[in-house]
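> I'd like to ask you about the structure that follows.
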Amino acid sequence: MLGTGWHMASNRAALVWKPQPGRQERRTIAFPRRLTGLIGRLWHRPSRPSPPPPSATAFDAPELDCLRGVLAPEALQAAARRSSAIGVGADQVLIQCGAIDEDAYLHHLAAHCGIRIETFSALRREDCPLSDAQLHYAGRYGLVPVLREGRHDYIQILVGLSARRISELALKYPAACAQLRLASRRDFDRFVTRHAGSAIAQEAAEGLSSRWPELSAAPAAVTRLRRPVRRAAWTLAWAAIFTLMPLLAIQLAGAALAVWFLLFNGLRLAGSFAPRTKEPQRRRLSDDCLPVYTVMVALYHEATSVAPLLRALEALDYPREKLDIKLVIEPDDTATREAIAALGPLPHVHVITAPDFGPRTKPKALNYALAFARGTFLAVFDAEDRPDPGQLRSALDVFSVGEKEIACAQASLCIDNSADSWLTRMFTAEYAGQFDVFLQGFSAFRMPLPLGGSSNHFRTALLREVGGWDAYNVTEDADLGFRLARFGYRSVMFAFTTYEEAPARLKAWLRQRSRWMKGWMQTWLVHMRAPRELWRDAGPSGFFTLNIIVGGNVLTALAHPLMLAEILIPMTLRAFDSTVATFLASEFAGLHVATIATGYLSTVLIGLIGLSRRGLLRHAWVLALTPLYWVLLSLAAWRALIQLMHDPYRWEKTEHGLARHSRLRSHRPQRRRATGEMTPAMARQR
């Protein structure tokens with residue numbers, strides 16, 4: 001095993017939380033040296049297979065000795081070549097391509113090496129000396145000690161090069177194998193989940209709020225208000241102003257909203273016209289230099305999306321043997337579970353059932369799966385996503401050539417079903433403007449990014465360090481982008497695309513957009529609890545980005561109908577009563593007109609630039625409906641505000657698989673298999 005111990009992020013008390021850039025305390029759990037050094041395995045960094053001894057053939061792989069006479073020699077040679085090319089055990093090559101299942105290989109290896117197989121049927125909780133918190137980590141590393149009859153034994157699952165190490169160990173030190181047992185991943189995970197599942201579930205739902213309550217939208221954290229006397233004084237002061245001078249207060253509030261509105265649009269335009277940095281051509285990494293990459297997808301009522309999703313993940317240009325795919329489903333979602341099972345054996349796909357504990361949200365499900373993630377890097381996709389095949393390799397390029405402070409790389413999102421309705425066309429223009437235009441500028445300005453909910457690529461260790469996702473925030477992506485900034489880390493954009501399905505009907509669109517607006521409100525409220533600490537942690541760029549972009553996004557949507565009413569109502573009344581003062585008589589009339597006009601024009605301009613970069617200007621006509629779209633955004637914002645007051649953690653699910661059109665469906669090529677990749681036909685049994 002690489003390393004001398006297992007690490008986890010610190011659990012500092014909330015009252016002393018002071019994140020320093022790039023320096024986070026960690027606490028090490030000490031394990032016996034025998035446990036950490038018993039078996040060498042491939043985990044968090046790529047390594048080449050050990051060179052064969054001089055007498056061995058060029059394709060010698062000891063882990064295949066147990067299959068001599070079971071599989072054809074040509075198949076074993078092909079698996080050995082593939083193993084040498086990508087840096088994982090030949091057993092994993094055969095298992096991942098479906099040539100042999102894991103249980104069958106375990107029995108052959110156990111019989112060959114004289115090792116017992118552990119099914120956990122007779123193993124009691126007290127036989128494992130690890131605490132629940134430590135057993136939590138066993139699910140990630142695949143190795144757990146047990147104590148029986150006064151002797152320590154070790155249960156190991158097969159990953160990376162562990163089967164090769166076991167085969168070499170059995171050949172050189174057969175007596176040492178008496179302390180070792182083999183287990184399938186299925187049985188191992190069942191044991192960990194059965195005995196440590198409650199601890200993992202608690203961490204998934206409450207981990208962030210227990211470690212840093214002021215960074216969570218959890219109920220206890222929300223009610224923990226700081227400086228109550230000062231807050232009460234400010235509340236009384238504003239109440240007195242609106243009571244004693246209502247007209248002046250309303251006018252000043254309107255002016256402040258208008259200025260905020262202008263700042264929001266001005267910052268978006270500044271990001272849109274920022275010079276784009278040209279990405280250099282990079283050498284393609286060989287497969288043996290690639291790390292294990294975890295891909296996580298949270299699914300709920302997505303039975304119709306499962307098969308297309310797995311086809312899209314299968315098309316990724318990445319060795320299947322180094323993909324750690326986690327599909328996270330809910331306990332009551334039998335339809336999705338059956339849809340996955342109907343696809344047949346999927347050795348490279350791990351189905352995880354999120355616990356029925358805490359809020360039923362996507363971030364809680366992702367946090368639970370994070371406990372089992374094996375990859376050095378981690379990507380999050382949604383059920384309807386169709387990522388570009390080269391996206392994982394491109395994200396690795398970003399991490400390898402960028403600063404060590406880069407914790408997240410965000411790919412661009414693009415709507416695939418643009419032709420379904422005017423709403424999907426407007427969604428297309430909106431996404432093109434956001435991900436292909438002004439977020440690119442924010443990235444160039446080194447400003448914190450309000451991340452999208454999909455196609456985020458993380459350094460797994462840093463994601464765990466900052467507490468994962470907030471299970472109580474319904475736009476966990478935007479919140480995480482600012483939390484990373486507060487811990488001294490950066491998020492950047494990179495030029496690869498994931499295609500998504502947008503809701504084509506108003507009801508579905510309204511539910512989705514209301515959830516987003518509610519989550520942005522939660523994000524703003526959480527990070528503005530202590531403005532001075534936010535300024536200290538994230539700097540001026542983080543402070544203003546949160547207030548002008550996240551806060552401005554919500555505030556402009558809330559204020560838009562009020563500003564329209566202030567313009568339209570006097571004009572309407574003037575038409576029936578000439579004694580009514582015109583709107584133009586107001587001191588702030590010009591400011592309000594400029595605000596509305598700037599908002600519309602900036603939206604149209606950014607949308608046009610984005611559509612042009614996407615080659616989708618044929619949909620540009622829909623931008624003429626921007627005033628109507630803004631009214632719908634305002635409706636979603638006010639609906640979100642009402643929900644925030646009485647049902648803040650409600651997750652309104654967006655239904656997928658309803659698209660009638662797709663730009664990708666007819667011309668996306670199938671995945672080209674990497675050179676030497678095994679297929680079941682190459683490993684037919686004798």
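The values are calculated or read from the model by the stated rules, or taken from the named source; none is laboratory data. The structure displayed is predicted, hence computed values, not measured ones. A quick note on method: Cβ atoms are made from the backbone with ideal geometry, for glycine too, and the neighbour counts reach across all protein chains shown.
> So which of L568, L484, L534 is modelled with pLDDT of 95 or more and assigned to a helix (DSSP H, G or I)?
L484
> I'd like the full set of residues that are assigned to a loop (DSSP other than H, G, I, E, B) and touching a residue at least 40 places away in the same chain (Cβ under 8 Å), limited to the stretch 169-198.
Result: A183, S184.
> Looking at (1) surrounded by fewer than 21 Cβ atoms within 10 Å (Cβ to Cβ); (2) in contact with a Ser or Thr (Cβ under 8 Å, 6 or more places away or on another chain), can you tell me which one D333 breaks?
(2)
> Looking at the stretch 338-364, which of the residues that are touching a Pro at 6+ places or on another chain (Cβ under 9 Å) and not in a loop (DSSP other than H, G, I, E, B) is surrounded by the most Cβ atoms within 10 Å (Cβ to Cβ)?
Here the residue is K364.
> Kindly indicate which of A411, A432, A373, A369 is within 13 Å of the chain's Cα centre (by Cα) and either assigned to a helix (DSSP H, G or I) or farther than 30 Å from Y472 by Cβ (or both).
A369
> Give the residues of the stretch 147-163 that are surrounded by fewer than 21 Cβ atoms within 10 Å (Cβ to Cβ) and either in contact with a Phe, Trp or Tyr (Cβ under 6 Å, 6 or more places away or on another chain) or more than 28 Å from L94 (Cβ to Cβ) (or both), sorted by residue number.
Listed by number, the residues that qualify are L147, R148, E149, G150, R151, H152.
> Follow-up question, since we're still on this one. Do we have G375 as surrounded by fewer than 24 Cβ atoms within 10 Å (Cβ to Cβ) and not aromatic (F, W, Y) here?
Yes.
> Looking at the structure I just gave you, is R425 touching a Gly at 6+ places or on another chain (Cβ under 9 Å) and surrounded by 23 or more Cβ atoms within 10 Å (Cβ to Cβ)?
Here the answer is no, as R425 does not meet what is asked.
> Kindly provide the set of residues from the stretch 452-468 that are part of a strand (DSSP E or B) and of a type outside the set (A, V, I, L, M, F, W, C), ordered by number.
Residues satisfying the conditions are N456, H457, R459.
> OK, next. Hey, can you tell me all the residues within the stretch 131-158 that are more than 21 Å from I117 (Cβ to Cβ) and of a type in the set (A, V, I, L, M)?
Passing the criteria: only A133.
> Checking P448 against (1) without any contact (Cβ under 8 Å) to a residue 60 or more places away in the chain; (2) under 30 Å from Q202 (Cβ atoms), which single condition isn't satisfied?
Answer for P448: the failing condition is (1).
> Another question about this same structure. Just to be sure, is W260 under 30 Å from A354 (Cβ atoms) and at pLDDT 65 or above?
No, not satisfied.
> Say we look at the stretch 313-336 and pick out the residues that are without any contact (Cβ under 8 Å) to a residue 40 or more places away in the chain and assigned to a loop (DSSP other than H, G, I, E, B); which of these is farthest from S84 (Cα to Cα)?
D332
> How many residues are hydrophobic (A, V, I, L, M, F, W, C) and in contact with a helix residue (DSSP H, G or I) (Cβ under 6 Å, 6 or more places away or on another chain) if we restrict to the stretch 477-519?
Of the residues in the stretch 477-519, 12 are hydrophobic (A, V, I, L, M, F, W, C) and in contact with a helix residue (DSSP H, G or I) (Cβ under 6 Å, 6 or more places away or on another chain).
> A681 versus (1) modelled with pLDDT under 85; (2) among the small types (G, A, S); (3) surrounded by 14 or more Cβ atoms within 10 Å (Cβ to Cβ); (4) not in a loop (DSSP other than H, G, I, E, B): which is the lone unmet condition?
(3)
> Pairs please, first residue from the stretch 644-659 and over 19 Å from A217 (Cα atoms), second anywhere and among the β-branched types (V, I, T) and surrounded by 18 or more Cβ atoms within 10 Å (Cβ to Cβ), Cβ atoms under 9 Å, 6+ apart in sequence or on different chains.
A659/T424
> With (1) among the β-branched types (V, I, T); (2) surrounded by fewer than 23 Cβ atoms within 10 Å (Cβ to Cβ); (3) under 22 Å from the mean Cα position of the chain (by Cα) as the list, and T498 as the residue in question, which single condition is left unmet?
(2)
> Same structure, new question: Just to be sure before I move on: is T556 assigned to a helix (DSSP H, G or I), without any contact (Cβ under 8 Å) to a residue 40 or more places away in the chain, over 20 Å from G481 (Cα atoms) and not aliphatic (A, V, I, L, M) in the structure I sent?
no
> Something else now. What are the residues in the stretch 505-533 that are over 23 Å from the mean Cα position of the chain (by Cα) and over 12 Å from E652 (Cα atoms), if any?
Scanning the stretch 505-533 gives R505, L506, M528, R529, A530, P531, R532, E533.
> Would you confirm whether any residue within the stretch 522-542 is under 16 Å from L439 (Cα atoms) and of a type outside the set (G, A, S)?
For the stretch 522-542, residues under 16 Å from L439 (Cα atoms) and of a type outside the set (G, A, S): absent.
> Just a yes or no: is a residue in the stretch 292-304 in contact (Cβ under 8 Å) with a residue 24 or more places away in the chain and on the phi > 0 side of the Ramachandran plot?
The answer is yes; a qualifying residue exists.
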